[in-house]
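Chemist: Below are the structure tokens for one structure; questions will follow.
All of the numbers you see were taken from the coordinates with simple rules; none came from a lab. Note that the structure is a prediction, hence the values are computed from the model and not measured. Cβ sites come from the backbone with ideal geometry, for glycine too, and all protein chains shown count toward neighbours.
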Amino acid sequence: MANDLKVLLIEDDTIEIMKLHRVVSSLPLNYKIIEAKNGEEALDILEKKDEIPDIILLDLNMPKISGIEFLSILKENPSLKYIPTIILTTSNNQKDLLECYKIGIAGYILKPLKYEDYVSKIEKLLAYWSINELI
Amino acid sequence: MSQIQIDILQRALNREKAARKQSEKILEDKSLQLFNATQELKEANEKLELLLEEKTSQLQGVFENINDAYLIMDLEGNALKMNDAAIELFGYDLKTERFNVVNLIYKPDANYAFKSFKELRKKGFFTDYTARIITKSKAVKWVQINASLIYDKSKQAIAAQGIIRDITETRRTSELIKEQKIELEKSNDELQEYAHIVSHDLKSPLRSINALVSWIKEDNSGKLDAASLQNFELIETTLEKMEQLISGILLYSSIGSESVKKEKTNLNMLLEDVKQILFIPEHISIKILNELPVVYGDKVKLQQLFQNLISNAIKFNDKEKGLIEIDVQEEKSFYQFSIKDNGIGIDKKYHDKIFKIFHSLNKTKESTGIGLSIVKKIVDLFKGEIWIESEPNIGTTFYFTLKK
Amino acid sequence: MKGIVFTEFLDLVEDKFGLEMVDKIIAQSELESEGIYTSVGTYEFSEMLQLLKNLSANTNISIDDLLLVYAEHFFSVLKISYPDLIATYKDPIEMLASIENHIHVEVRKIYPDAELPTFNVLEKTENSLTMIYKSSRAMHHFGLGLMNKTFEHFSATATIVIEKIKEDGTEVKFIINKN
């Protein structure tokens, strides 16, 4: 029996947000997407505690605090650090990849050019986390 | 006196006379020998004197003409003799004043100076002493000194001599180069970061356009005419092309600035990997003519190098049976590789241009014009050279060398 | 053999036995030099041997005794000719012990072609010395005479025993004990 996943998407690009919504709406399962335009907004949402997500999808290149900075803050928080965080980014910079895994991530996914490839990746990602036992 | 006694005396006298003559003869011979020996000695002495004079004037010449400062001092450090270069460097002139080399010691280097002087006394020499001195005009200069003791006939040290090279300028230059190198490395790293950010920023809109195009197609499924569908396809192809270009530029800019990971790389194994990665059509065969060497270098870059050249050879092959031959020749300090194809060939007028970035001769979907410039950059990194021999329609051979 | 050994020998013969004896032994010997000797020349040793033999025959004195006497005379010749060399020594044992390493070295400087016997020191104390004499000439008694005179020169006496190692006298042991 799959869970209803609550996904926190931290992403500043409107079309990227639209893309995730469109993929999710085409899927048969129920997903709740919580949007945050940047790290601060995401932290505000997480601090309220009424909408703690099951997983976080995090973009790296963002204004104000960057994805990596956000990740560090998250992983220092004793209760929030357990939320699986998956990086969703364009950057295949070896340095970023290494840094993210060092801090602690549950996955690192490159945004593909083609929408159909994107659909395929997101479907797999959501399917995977749907069958996981989560805290 | 009896006749017998007279005879005895007579004989004794004769013997004495004969003995006298004999001794005179021996003495004469000895005198002649002595004379000849003296004569020889005199000649030998004259030759020695000439030689000595020659050596002295040679030494004098060296003393006056060497560009480095030369100084002789007694064991208490009092300067005894110095050449013009030394006068110019130190500012002291023995013709008008006396000075002790202690005056030259720059205080922060004093310990080192005294330690080195002790070493000179103990070992009889020191080499490449590098420290600062302070001249008469209070200027601080960097010098390098090689010194040795001078001994008298009984092997007693009586003085010391040293050649002092002014390395102030050299040091300044090398420090400047060091600074510039650090700066360059920093700006290279920044550039690298910048390339990543730019490529991200450039790729994002492409992705968005692609998503939007597919949504329009999806949402208007069945409503679009053939021409519109074809135009949408063209948009998608253009986007792909654009993305490849951006990736290529990023790759090009990252070569050489990333920290180089050097490891022993077996090229035979590396080429097997390359063959796995590349799509090799059935009509093309790749032959490796000789056992390839094990080289020392960044494996990823070596793979890029071979992969780019081989994929070019595949891409630009128009023959029914395509043949790619890879060969190597070992030279003293480098390996010379060749990758030969029987493809479309390259006209001579383009031979110089092909390694320059964005100079793709065949702008197709697969070709961005960056591949060969990446190849060139990698070969440069290995301090090697790359060149081609090619004839249109017959084929192309790429030659490159990798330093051992 | 150096001429001085011949001239001094014949002088001594003339002194002790008269000019007739000199004339006689020269006439009795077959000498290449015809008995004409000068101190600066060099002559065959066999001539000395013949002269000694004939003198011994004519005087009924053994060759060894003749050599002993001649050596004692020869020491005084050396004393006059090379006083500085002898003056470097303060003690007869010291002087005899250094025949090989000092005196003969000096001799060779003056007479490069001199054929000298070897004296190897076996044992040396303050008052005793044991040396091995080796020479094809077998003139150890000449050595003995010189040694006696050496002690006399330093106003000392010694008991010197000669032990033949080889019967022909070409190798003998000198055992010297200062009294």
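Chemist: List, largest first, the extents of the alpha carbons of chain A along their principal axes, each in whole Å.
Modeler: Here the Cα extents, ordered largest to smallest, are 35, 33, 24 Å.
Chemist: Something else now. Charges at C-beta only: +1 for Lys and Arg, -1 for Asp and Glu. How large is the resulting dipole of region C:91-178 about its Cα centre, in Debye rounded to 20?
Modeler: The dipole of region C:91-178 has a size of about 80 debye.
Chemist: Report, ordered by chain and residue number, the lysines lying within cross-link reach of B:Lys332, taken as a straight Cα distance under 27 Å and ignoring same-chain residues fewer than 8 apart.
Modeler: Here the lysines satisfying the reach criterion relative to B:Lys332 are B:Lys261, B:Lys262, B:Lys264, B:Lys287, B:Lys299, B:Lys301, B:Lys340, B:Lys376, B:Lys377, B:Lys383, B:Lys403, B:Lys404.
Chemist: Placing +1 on the Cβ of each Lys and Arg and -1 on the Cβ of each Asp and Glu in the protein assembly as shown, which of B:Val62, B:Ala110, A:Pro63 has its Cα farthest towards the positive end of the resulting dipole?
Modeler: After comparing all options, I get A:Pro63.
Chemist: Find the percent of Cα-Cα distances in region B:202-244 that exceed 12 Å, and round it to a whole number.
Modeler: Summing the P(r) tail past 12 Å for region B:202-244 gives 60 percent.
Chemist: Taking 22 Å as R0, compute the FRET efficiency from the Cβ-Cβ separation of C:Glu20 and C:His73 and round it to 0.05.
Modeler: It comes out at approximately 0.65.
Chemist: Continuing with this model, one more query. For region B:1-64, what size does the Cα cloud have along each of its three principal axes, sorted from largest down, in whole Å?
Modeler: 91, 11, 7
Chemist: Can you give the calculated 222 nm mean residue ellipticity of chain A, where each DSSP H run of n ≥ 4 adds -39,500 (n - 2.57) and the sum is split over every residue, rounded to the nearest 500 deg cm²/dmol?
Modeler: After summing the helix terms and dividing by the residues of chain A, the value is -13000 deg cm²/dmol.
Chemist: Still on this structure, please answer the following. Report, for the protein assembly as shown, the % of DSSP beta bridges that are antiparallel, rounded to 5.
Modeler: Numbers: 74 of 96 bridges.
Here the share of antiparallel DSSP bridges comes out near 75 percent.
Chemist: What does the extension gain come out to for A:Asn30 and A:Glu99, with contour length at 0.36 nm per residue minus their alpha carbon separation?
Modeler: Between A:Asn30 and A:Glu99, full extension yields 21.6 nm more.
Chemist: If you don't mind, there's one more thing I want to ask. Okay, which of region C:12-40 sit inside 18 Å, backbone N to the point 7 Å along the Cα-Cβ direction of B:Glu16?
Modeler: Only C:12-24, C:26, C:35-40 pass the distance filter.
Chemist: For B:Leu381, put the label point 7 Å out on the Cα→Cβ axis and report which residues of region B:291-306 keep their amide N under 13 Å from it.
Modeler: B:297-306
Chemist: Return the calculated 222 nm mean residue ellipticity for chain C, to the nearest 500 deg cm²/dmol, obtained by summing -39500 (n - 2.57) across DSSP H runs with n ≥ 4 and dividing by the residue count.
Modeler: One gets -15500 deg cm²/dmol as the mean residue ellipticity at 222 nm.
Chemist: Now for a separate question. So what's the back-of-envelope 222 nm ellipticity for chain B, counting only DSSP H runs of four-plus at -39500 (n - 2.57) apiece and dividing by all residues, rounded to 500?
Modeler: My calculation for chain B gives -18000 deg cm²/dmol from helical runs alone.
Chemist: Let me ask something else about it. Could you work out how far helix B:3-65 tilts from the main Cα principal axis of chain B, as a 0 to 90 degree angle to the nearest 10?
Modeler: Approximately 30 degrees, to the nearest 10.
Chemist: Then there is this: What's the average, rounded to a whole number, of partner chain beta-carbon atoms within 10 Å of each residue's beta-carbon in A:84-93?
Modeler: Rounded to a whole number, the mean comes out at 3.
Chemist: Still on this structure, please answer the following. Pull up all non-local amide H partners of B:Lys81: gap of 5 or more, or a different chain, and H-to-H distance under 5 Å with H placed in the peptide plane.
Modeler: For B:Lys81, whose amide H was placed from the backbone, the distant partners under 5 Å are B:Ile72.
Chemist: Another one. So, R0 is 25 Å and r is the distance between the beta-carbons of A:Asp44 and B:Ile216; what FRET efficiency does that work out to, to 0.05?
Modeler: That gives a FRET efficiency of 0.10.
Chemist: While we're here: So what's the protein assembly as shown giving for Rg/Rh, alpha carbon basis, Kirkwood Rh from the mean inverse pair distance?
Modeler: 1.40
Chemist: Given +1 on the Cβ of Lys and Arg, -1 on the Cβ of Asp and Glu, and no further charges, what dipole in debye does chain C carry about its Cα centre, rounded to the nearest 20?
Modeler: 520 debye
Chemist: In region B:66-166, how many lysine pairs have Cα atoms under 20 Å apart, counting only pairs 8 or more places apart or on different chains?
Modeler: 15
Chemist: What's the average, rounded to a whole number, of partner chain beta-carbon atoms within 10 Å of each residue's beta-carbon in B:8-18?
Modeler: Working: counts 8, 2, 1, 7, 8, 0, 3, 9, 2, 1, 6.
For peptide B:8-18, the averaged partner shielding equals 4.
Chemist: For B:Ser148, C:Ser155, what's the fewest-to-most ordering of other Cβ within 10 Å of each Cβ?
Modeler: C:Ser155, B:Ser148
Chemist: What spacing in nm lies between the two simple spin-label points modelled at B:Leu9 and B:Gln276, each 7 Å away from Cα in the Cβ direction?
Modeler: Reported label-point gap for B:Leu9 and B:Gln276 is 13.1 nm.
Chemist: What does the charge dipole of region B:174-254 about its Cα centre add up to, to the nearest 20 debye, if the Cβ of each Lys and Arg holds +1 and the Cβ of each Asp and Glu holds -1?
Modeler: 200 debye
Chemist: In region B:189-287, if the dipole is taken from +1 on Lys/Arg beta carbons and -1 on Asp/Glu beta carbons about the Cα centre, which of B:Ser285, B:Ser199, B:Thr237 is farthest to the positive end?
Modeler: Result: B:Ser285, furthest along the dipole toward the positive end.
Chemist: Kyte-Doolittle cut-off -1.0, length cut-off 18 Å along the helix's own axis using Cα: show which whole DSSP H helices in chain C pass.
Modeler: Passing helices, by number: C:3-17, C:45-59, C:63-81, C:140-153.
Chemist: A follow-up question, please. Given the C-alpha centroids of region A:82-135 and region C:51-128, what is the distance between them in whole angstrom?
Modeler: Spelled out, the Cα-based centre of one part sits 114 Å from the other.
Chemist: To the nearest 10 degrees, how steeply does helix B:168-219 sit against the main Cα axis of chain B, on a 0 to 90 scale?
Modeler: The angle comes out at about 10 degrees.
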